[in-house]
Amino acid sequence: MRSTFKSLATLLLLTSLPAAQATAPSPAPKAARRPADSHDPLYRFERLFSRLEDPLSLEESPSPATISQRLVESESRKNSLYPLEALLRLYEKAGLKPAEKLLETIKSFEDKLGAHIAQMEYVEFAEDVKAPAIVLKNMRTQLAATETELHKELKSFFTATSGQQSKYQKFKDSIRGLDFKKTRKDDEDLLNVVVKEVKKVRDTDYNMNDLQSGVHELRRQARWFAIYTDALDGTVNIEGAPLPFESGRRAKVLVSDEAYAGLSAFIKAIGKMKDAGEYVEALSKALVASKVSKTDAEAHKLAIEMAEKAKVAIEKDPLKVAKGLYEKLKKDKVLEDWNKAFQKAEF
């Protein structure tokens with residue numbers, strides 16, 4: 001085996017594979033219109049609608065607060081919203097123009113949910129490092145604000161009013177009305193988009209001295225590949241992954257477990273550093289806003305000291321670590337292996 005990433009393969013395949021591969025699928029809700037033919041393009045969307053709806057129990061008319069809690073507990077961003085974004089992203093790039101507006105709709109919803117979850121994590125971090133009470137009060141006020149915004153969005157998104165359909169129902173109906181024939185050979189068109197994206201990421205020399213346009217941009221682009229394996233529901237398979245997929249589709253791309261584990265390890269490590277950096281930044285801003293610190297530099301230093309005192313791990317030199325991870329990614333030819341797998345796609 002050429003990489004220590006291989007030793008992580010089994011663990012990562014079980015813990016970081018999309019939910020469709022790692023766990024048994026939830027039963028479809030009663031109102032689902034899942035096509036009988038698993039090769040119908042709508043099948044992929046309907047399974048994701050089911051994944052989003054099942055934990056929410058929308059037939060009970062839950063309150064926005066209850067929906068919010070269920071969205072967080074069910075990890076809906078990872079299990080349904082990201083794959084929905086991924087599918088629409090692929091169809092839009094494949095030339096299905098209406099997919100662009102639908103992508104904006106689901107991304108706007110996911111962004112508001114993400115903002116609230118992030119603020120929850122910031123408060124939890126501040127509590128872990130024992131931030132002063134006045135700072136915690138400031139951050140909890142911000143959390144309450146994101147919660148209010150999210151509840152407004154949830155009410156607008158899921159609630160039908162005055163005989164009008166909910167935004168979510170309109171979203172689903174719009175997808176069901178898409179003319180998928182315009183993409184001709186569905187799997188081939190979507191995979192061709194992925195082929196181009198994988199090749200572009202493989203051929204790009206990312207600047208690991210730039211945290212945003214280098215480190216985080218590579219992570220953002222690479223993360224889509226893992227999401228695509230779920231969204232495409234069996235068209236892309238991973239060696240050693242639990243089977244069967246929900247659709248029973250024949251795999252047209254086979255990615256080695258080594259390549260999948262290598263990319264997953266990179267994404268996870270960079271994501272962990274990114275989160276830690278954002279926690280420190282959020283705490284620093286709250287320290288200044290609460291007048292505990294006078295300057296941003298002073299606040300940042302204090303936030304790091306508080307984390308160290310509480311034994312909360314914070315990477316002091318994230319760029320150095322990112323460079324090492326990127327070099328390993330290239331040395332082990334992880335992106336090259338992904339590219340080869342998609343170049344061998346069987347249509």
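The values are calculated or read from the model by the stated rules, or taken from the named source; none is laboratory data. In this text the structure is predicted, and so the values were computed from the model without any measurement. Every residue, glycine as well, gets a Cβ built from its backbone with ideal geometry; the counts of neighbours run over all protein chains shown.
In this structure, is Thr66 farther than 30 Å from Lys181 by Cα and modelled with pLDDT of 90 or more? For Thr66, the condition - farther than 30 Å from Lys181 by Cα and modelled with pLDDT of 90 or more - is met. Within segment 129-160, no residue satisfies the criterion of being closer than 16 Å to Asp275 by Cα and at pLDDT below 95. Scan segment 153-191 for residues that are part of a loop (DSSP other than H, G, I, E, B), under 29 Å from Gln343 (Cβ atoms) and without any contact (Cβ under 8 Å) to a residue 60 or more places away in the chain and report the count. Result for segment 153-191: 1.
Count of segment 197-212 residues, restricted to those that are closer than 15 Å to Lys323 by Cβ and part of a loop (DSSP other than H, G, I, E, B), is 6. Residues in segment 114-158 that are among the hydroxyl-bearing types (Ser, Thr, Tyr) and surrounded by fewer than 17 Cβ atoms within 10 Å (Cβ to Cβ) were compared, and the one that is nearest to Leu102 (Cα to Cα) is Ser156.
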